[in-house]
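A.B. asks: What follows is a single structure, and I will ask about it in a moment.
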Amino acid sequence: MPWLSTLMAVPVLGAVGVSLVKSDRLAKQVALAVSLAVLALTLLMTLQFDPSLGASKETRFQFAEVYEWIPRFGVHYGVGVDGIALVLIALSAVLVPIVILASWHDADGSGAEAPPKRSVKTYFALLLVLEAMMIGVFAATDVFLFYVFFEAMLIPMYFMIGSYGGVQRSYAAVKFLLYSLFGGLLMLVAVIALYVIGDKGTFMFPELVGVIQDPTTQKWLFLGFFIAFAVKAPLWPFHTWLPDAAAQAPAGAAVLLVGVLDKVGTYGMLRFCLELFPEASKFFTPLVIVLAVVGIVYGAIVAIGQTDMKRLIAYTSISHFGFIALGVFAMTTDAGAGATLYMVNHGFSTGALFLIAGFLIYRRGSGRIADYGGVQKVAPLMAGTFLIAGLSGLSLPGLSSFVSEFMVLIGTYERHPVPAIIATSGVVLAAVYILWMYQRTMTGPTAESVKALPDLNLREKWVVGPLVAAIIALGFFPSPALDVINPAVDHALSNVHINPPAVAEKKGAGQ
Amino acid sequence: MTTHYLVLSALLFAIGAVGVLSRRNAIVVFMCVELMLNACNLAFVTFARQHGNLDGQLIAFFVMVVAAAEVVIGLAIIVMIFRTRRSASVDDANLLKY
Amino acid sequence: MESPAEIIQHSGGVIGVSWLMIALPLLGAAILLLGGRRTDRWGHRLAIGMSVTAFLIAVISFFELLGLPEDERRRAIALYRFIPGMADMGVLIDPLSISFALLITGVGSLIHIYSIGYMAHDPDRRRFFSYLNLFVAAMLLLVLADNYVGLFIGWEGVGLASYLLIGFWQFKPSAATAAKKAFIVNRVGDFGLLIAIFTVWTGFGSVAFDKLSGTAVGEALKTGQVSQGSLTAIGLLLLLGACGKSAQLPLQSWLLDAMEGPTPVSALIHAATMVTAGVYLVVRSGGFFEAAPTAQLVVTIVGVVTLLAGAIIGCAKDDIKKGLAGSTMSQIGYMMLAAGLGPVGYAFAIAHLITHGFFKANMFLGAGSVMHAMNDEVDMRRYGGLYPVMKVTAITFIIGYLAIIGFPLLSGYFTKDGIIEAAMEHSSVLGWLAVLGAGITGFYMSRMIFMTFFGGRRWADDAHPHESPSVMTVPLIVLSVGSVFLGAFLILGNRLMLFLAPAVGRPEELPAFHAFSGPGLATLVLVAAGAAFAWVRYGAAEVPLVAPRGSFLTAFARRDLYGDALNEALFMRPGQWLTRIAVFFDNRGIDGLVNGLAAAIGGTSGRLRRVQTGYVRSYALSILFGAAVVVGALLYVGNM
């Protein structure tokens, strides 16, 4: 069964269906049903995935499908997943139904001080199209196809921000688009150069691994890919589009933007930068580590100073993306697996934060922290889940982010102790920004304007419940996910040809 | 020799070009355009004579036909502009700016 | 010196299911939190049931452990794979962990029961009990985990429970701030602990305790696998973690603010159990500390400085809970001091920890009982003469008081004296400073007793003190019995030292207990002098309702030795400035650059479009010009 093509086809057909039905209500229900079907298919596919096949080069990408697309240039419709891609596809498939449920009224114009009503059907159709593209971008095994999805994803997101966002939506949407196009353009040049210089007559990723041997060429092509991914991720100092985009986007779109779309950047670093240009990656490692560490500390400090909830959460994400990039470029299995797991965990915890902040804003009509206070008294469930999501964001042990952050830091420490120590200071700053936000919004005397704030309703409980469950489950039992991720990360790092740090030998000797 | 014809053609073209650039009245500009076209026609015919084939003469006919069609459209436009703006000056019709 | 025993994999028996000690309270917390208001009516009973069951499991495990041969008393139970290739979840039952488990579940259960009465009128009682259960689970995970990652999960778990419980009345801004402060200061310590774990992992390739015994550390040092420097670093970083959790200098400032929480919380978390986790960490990591004398020295110094600082703070506090909190700091200083002395001190540290758990919990709960009677008044200047109206509370409190000041034959006498003697043997400076600390303890604790239970009645007009219900007094009585006898039981015949030996090792020569030795006598004399001075100032003389300004030293102690002022000047204000600058830089600097670029491009095109004048003539001219250029270029190229 062509699993991956089905996974992409179902939401696209669903989007067509959504735009054809008569009533808005029916459109929402169809969208939810389609996304749940995708989730079910993804789970079925995950059950058939065999992590042990990841070690061999031939069977590395499972559920592979390859068809010729533009034979003259060796462009293929090539899809397939390894452990890394699989967990990210699963993340997308889990988040989309949750986001659809959470966005139920986002396009209606019914919230307090909400933007005017827009086409509801279009919003949900865009969500489903975006889902297809997110699955496609992680599944693509053809570099050109990856590029196409990488750029095409911008379009639905551009409309979701630009049409359904907050007051400054068009500024934010254009900024988002221009930043991403700038990065994408550099990547396009590098993709074409890879094809021409590689001289393999194909864009298929597995065949392009190791074709660029000349160090100077590697460095230039690396930069082409890396800058695109650094803008997407975003790494410091390419980050300023994210707070605007995430703060102006409707909460659901912000979740997909920060939770999944940005992961394409860090995913690309791990998959394409490290494997296609191993020498250049090693050459640029110090630079990337510096950017990542600066991003961790800087993102956290700027987050502390924010006065708007969604902007604050966006800056915390910049700090977290620093951790992920650090893990990728530490080039140890622990750090790489930690970084991959972090991509998933961050999707859940930041997703939950954005959605609950969205619920608050829907009720109160303001994202300013100062407009809240004492919400815990009137809406304890909302405050409690917000706290759990926040605690996961500050990587409290027992919640999912801890495992990944711990692995990233310990894996980095094996090779680069000083950056790891500086990055670890992020855990203190994380406590400051999360708990201070929680204190200002949820505790203290109840503010006059939130006295009548209703607690989570049934629909919202169904939104938050699965996220909290995922956060706790992955916090205590990360090993199933790590078993899927580890062989894939091992394989990706084996192409870098770098000596494992000394700890691996000790581990072998100790056991 | 054909050189004199070519010189005459160049002179006519230059007069036409200066007229297009310097005159304000749309009708006069239009006539100058026609003058430039006919200068070209003269050059075409001259070259046809010089090379001893009919290609240039053929093109001259095409130019005449196109010029006739252009006159029909162009004059109609000018008349319309004159009706709406009460002026046939090309400087008054500068809406396509910035 | 004898090294600890090997760790053996275990299955079967109650020890085999000892993980239920962690799982049951966790389940209780989950049920109460998820169940919501439906569980309001019976929630507290469920929580108590879970805690008591955990206690019973601990007791049975303890006896099962006693039934094993001495060198087989370290039992590991593997649970499940956590981070593949790095750390698996597992439980380690050995004399050290089971001692803690008994203390946590025992005192924890008593405080659960006490809370029924104390929180009876609080609408959120169910939530309170769920947090208490969460705390018990996390604390047990901390002490029962068989590796540093598991320990760290429990470590931060208790931090979370502490955060939730300090901020339990979070509609009070002061409580919310105190909770946040406690968490953040603890995080600074956790930063140290995390890096210590990283260094251990990188140096030894393992985080499991059985691969990190003193023998393994010694061997690694000999083969050059790890350097002396990194061992010292591990020791100091572990100490930083311990300082955060145990409120030792320089991370002490959160503990006094933590008294914003309900009093049972102060008794359980901020006196009896959680704050002693730092001592547990140092003792559990003995292998590293014994190989790093510098780190050990720093531990003892931190201990001594804190025991004096805590005692001085305790002298000036009028808030009964803050006075007790200062005293807690001070007593944990003693434990740290002992833990820094190596195997000689471990048993004394743990013994003092256990007895302190009893008498301090006893006094905190007593203080809670007094507050309960006095409309939640905490100012001791509004107490006085309470002995006749609440006899049970007063007597149990006084027993706790006698225990803490080291009244002969009560618990504190044996355990504190042991620490002082061990310290004296190690270095006389440390020893005499510890003696001095004991003298100050005599003063501030007596002051508390006289101001609360004796002297004139300085009550507020609407105060009608009464004895608390039996659900609150019975735990007090049980705890005071422990405060009387536990010390003698643990110390005489080196009972605890021999019991702990398989887990932490023991010195070659067992210390003998000398009744009324030189330092012991000096301690008694100083304590008596302190108590007498307190009698003169607060027992015999009238206590003013408003605190007099006092000397410079009083002000110094009242402001917590300027710890908060220092933190504010060194970290908070510069931090605020840094944040402001960073936000400004982000908006104006980086984003300004990007927006500036966009504006520059926009501006340029704005200028350029002026070329489009709309005059047909200018277009025609540019066409002509272009044509001329093209013709010129063609001619030029043609002629080449």
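The values are calculated or read from the model by the stated rules, or taken from the named source; none is laboratory data. Worth saying up front: this structure is predicted, and the values here are computed from it rather than measured. Here the Cβ positions follow ideal geometry from the backbone for every residue, glycine too, while neighbour counts run over all protein chains shown.
A.B. asks: Please go through segment C:139-154 and give me each residue that is more than 18 Å from residue C:270 (Cβ to Cβ) and touching a residue at least 40 places away in the same chain (Cβ under 8 Å), ordered by number.
C.D. replies: C:141, C:144, C:145, C:146, C:147, C:148, C:149, C:150, C:151, C:152
A.B. asks: Working carefully through the options A:464, A:428, A:468, A:432, find the one that is in a helix (DSSP H, G or I), free of Cβ contacts under 8 Å to residues at least 60 places away in the same chain and either under 23 Å from the mean Cα position of the chain (by Cα) or within 11 Å of another protein chain (Cβ to nearest Cβ) (or both).
C.D. replies: Result: A:428 is the single residue among A:464, A:428, A:468, A:432 that is in a helix (DSSP H, G or I), free of Cβ contacts under 8 Å to residues at least 60 places away in the same chain and either under 23 Å from the mean Cα position of the chain (by Cα) or within 11 Å of another protein chain (Cβ to nearest Cβ) (or both).
A.B. asks: Also: Out of all the residues in segment A:291-302, which are within 11 Å of chain C (Cβ to nearest Cβ) and under 19 Å from the mean Cα position of the chain (by Cα)?
C.D. replies: Correct list: A:299, A:300.
A.B. asks: For segment C:502-509, indicate whether the set of residues that are without any contact (Cβ under 8 Å) to a residue 12 or more places away in the chain, of a type in the set (D, E, K, R) and in a loop (DSSP other than H, G, I, E, B) is non-empty.
C.D. replies: yes
A.B. asks: Within segment C:261-350, which helices (runs of 4 or more DSSP H) (wholly inside it) include 2 or more residues that are crowded, with 24+ Cβ neighbours inside 10 Å, aromatic (Phe, Trp, Tyr) and modelled with pLDDT of 85 or more?
C.D. replies: Result: C:286-290.
A.B. asks: Right, something else. Hey, can you tell me all the residues within segment A:412-425 that are facing chain C (nearest Cβ under 9 Å), surrounded by fewer than 24 Cβ atoms within 10 Å (Cβ to Cβ) and free of Cβ contacts under 8 Å to residues at least 12 places away in the same chain?
C.D. replies: Hits for segment A:412-425 are A:417, A:421.
A.B. asks: May I ask you to say which residue of C:79, C:32, C:65, C:27 is surrounded by fewer than 22 Cβ atoms within 10 Å (Cβ to Cβ), part of a helix (DSSP H, G or I) and either out of contact with any Gly (no Cβ under 7 Å at 6 or more places or on another chain) or of a type outside the set (S, T, N, Q) (or both)?
C.D. replies: Result of the check over C:79, C:32, C:65, C:27: C:27.
A.B. asks: So if I check each of C:100, C:128, which one is assigned to a helix (DSSP H, G or I), farther than 22 Å from residue C:280 by Cβ, of a type in the set (A, V, I, L, M, F, W, C) and in the same structural domain as residue C:197 (by TED's automatic domain parsing)?
C.D. replies: Answer to the check: C:128.
A.B. asks: Select from segment C:216-239 the residues that are among the polar types (S, T, N, Q) and touching a Gly at 6+ places or on another chain (Cβ under 8 Å) and write down the one among them that is surrounded by the fewest Cβ atoms within 10 Å (Cβ to Cβ).
C.D. replies: Here the residue is C:225.
A.B. asks: Does residue A:218 satisfy the condition of being surrounded by fewer than 22 Cβ atoms within 10 Å (Cβ to Cβ), away from every other protein chain (no Cβ under 14 Å) and part of a helix (DSSP H, G or I)?
C.D. replies: For residue A:218, the condition - surrounded by fewer than 22 Cβ atoms within 10 Å (Cβ to Cβ), away from every other protein chain (no Cβ under 14 Å) and part of a helix (DSSP H, G or I) - is met.
A.B. asks: How about segment A:402-411: which of its residues are more than 9 Å from chain C (Cβ to nearest Cβ), over 16 Å from residue A:479 (Cβ atoms) and in contact with a Leu (Cβ under 8 Å, 6 or more places away or on another chain)?
C.D. replies: A:408
A.B. asks: Look at residue B:60 and say whether it is at pLDDT 90 or above and closer than 29 Å to residue B:91 by Cα.
C.D. replies: Judged against the criteria, residue B:60 is not a match.
A.B. asks: Another one. In segment A:362-390, what residues are more than 13 Å from every other protein chain (Cβ to nearest Cβ) and at positive phi?
C.D. replies: A:365
A.B. asks: Inspect segment C:616-632 for any residue being out of contact with any Cys (no Cβ under 6 Å at 6 or more places or on another chain) and farther than 28 Å from residue B:91 by Cβ and give the result as yes or no.
C.D. replies: yes
Conditions (1) surrounded by 24 or more Cβ atoms within 10 Å (Cβ to Cβ); (2) within 13 Å of chain A (Cβ to nearest Cβ); (3) under 14 Å from residue C:49 (Cα atoms), marked per residue:
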{"site": "C:97", "(1), (2), (3)": "yes, no, no"}
{"site": "C:113", "(1), (2), (3)": "no, no, yes"}
{"site": "C:116", "(1), (2), (3)": "no, no, yes"}
{"site": "C:138", "(1), (2), (3)": "yes, yes, no"}
{"site": "C:145", "(1), (2), (3)": "yes, yes, no"}
{"site": "C:152", "(1), (2), (3)": "yes, yes, no"}
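A.B. asks: Right, next: So, in segment A:239-264, how many residues would count as being surrounded by fewer than 24 Cβ atoms within 10 Å (Cβ to Cβ) and not in a helix (DSSP H, G or I)?
C.D. replies: Selection size over segment A:239-264: 1.
A.B. asks: Let me ask something else. Scan segment C:596-621 and report the pairs whose first residue is within 14 Å of chain B (Cβ to nearest Cβ) and whose second residue is among the aromatic types (Phe, Trp, Tyr), with Cβ atoms within less than 9 Å and a gap of 6+ or a chain change.
C.D. replies: If the second residue must be among the aromatic types (Phe, Trp, Tyr), the pairs left are C:609/B:98; C:610/B:98; C:612/B:98; C:612/C:619; C:613/B:98; C:613/C:619; C:614/B:98.
A.B. asks: Look at residue A:81 and say whether it is surrounded by 21 or more Cβ atoms within 10 Å (Cβ to Cβ) and either over 17 Å from the mean Cα position of the chain (by Cα) or touching a residue at least 12 places away in the same chain (Cβ under 8 Å) (or both).
C.D. replies: Criteria met by residue A:81.
A.B. asks: Taking the residues in segment B:80-98 that are under 15 Å from residue B:28 (Cβ atoms) and among the hydrophobic types (A, V, I, L, M, F, W, C) as candidates, determine which candidate is nearest to the other protein chains (Cβ to nearest Cβ).
C.D. replies: B:90
A.B. asks: Can I ask one more? Does residue C:512 count as at pLDDT below 80 and within 30 Å of residue C:6 (Cβ to Cβ)?
C.D. replies: yes
A.B. asks: Does residue C:171 satisfy the criteria of being facing chain A (nearest Cβ under 9 Å), farther than 30 Å from residue C:343 by Cβ, surrounded by fewer than 21 Cβ atoms within 10 Å (Cβ to Cβ) and among the aromatic types (Phe, Trp, Tyr)?
C.D. replies: yes
A.B. asks: In addition: What number of residues within segment A:265-290 satisfy the criterion of being under 22 Å from the mean Cα position of the chain (by Cα), surrounded by fewer than 22 Cβ atoms within 10 Å (Cβ to Cβ) and under 27 Å from residue C:587 (Cβ atoms)?
C.D. replies: Residues meeting the conditions: 2.
A.B. asks: From the residues in segment A:25-65 that are free of Cβ contacts under 8 Å to residues at least 60 places away in the same chain and in a loop (DSSP other than H, G, I, E, B), which one is farthest from residue A:6 (Cα to Cα)?
C.D. replies: Once the filter is applied, the top-ranked residue is A:56.
A.B. asks: Checking residue B:74 against (1) modelled with pLDDT under 90; (2) within 14 Å of chain C (Cβ to nearest Cβ); (3) surrounded by 12 or more Cβ atoms within 10 Å (Cβ to Cβ), which test does it fail?
C.D. replies: Just one mismatch for residue B:74, condition (1).
One line per residue, one yes/no per condition, for (1) over 21 Å from residue C:35 (Cβ atoms); (2) in contact with a strand residue (DSSP E or B) (Cβ under 9 Å, 6 or more places away or on another chain):
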residue: C:87; (1), (2): yes, yes
residue: C:104; (1), (2): yes, no
residue: C:128; (1), (2): no, no
residue: C:168; (1), (2): no, no
residue: C:172; (1), (2): yes, no
residue: C:175; (1), (2): yes, no
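A.B. asks: Now, a different point. Any residue at all in segment B:42-58 that is more than 20 Å from the chain's Cα centre (by Cα), over 25 Å from residue B:14 (Cα atoms), surrounded by 13 or more Cβ atoms within 10 Å (Cβ to Cβ) and away from chain C (no Cβ under 14 Å)?
C.D. replies: Within segment B:42-58, not a single residue is more than 20 Å from the chain's Cα centre (by Cα), over 25 Å from residue B:14 (Cα atoms), surrounded by 13 or more Cβ atoms within 10 Å (Cβ to Cβ) and away from chain C (no Cβ under 14 Å).
A.B. asks: In addition: Any idea which residue in segment C:204-229 is modelled with the highest pLDDT, counting only those that are within 8 Å of another protein chain (Cβ to nearest Cβ) and in a helix (DSSP H, G or I)?
C.D. replies: Across segment C:204-229, the extreme among qualifying residues is C:204.
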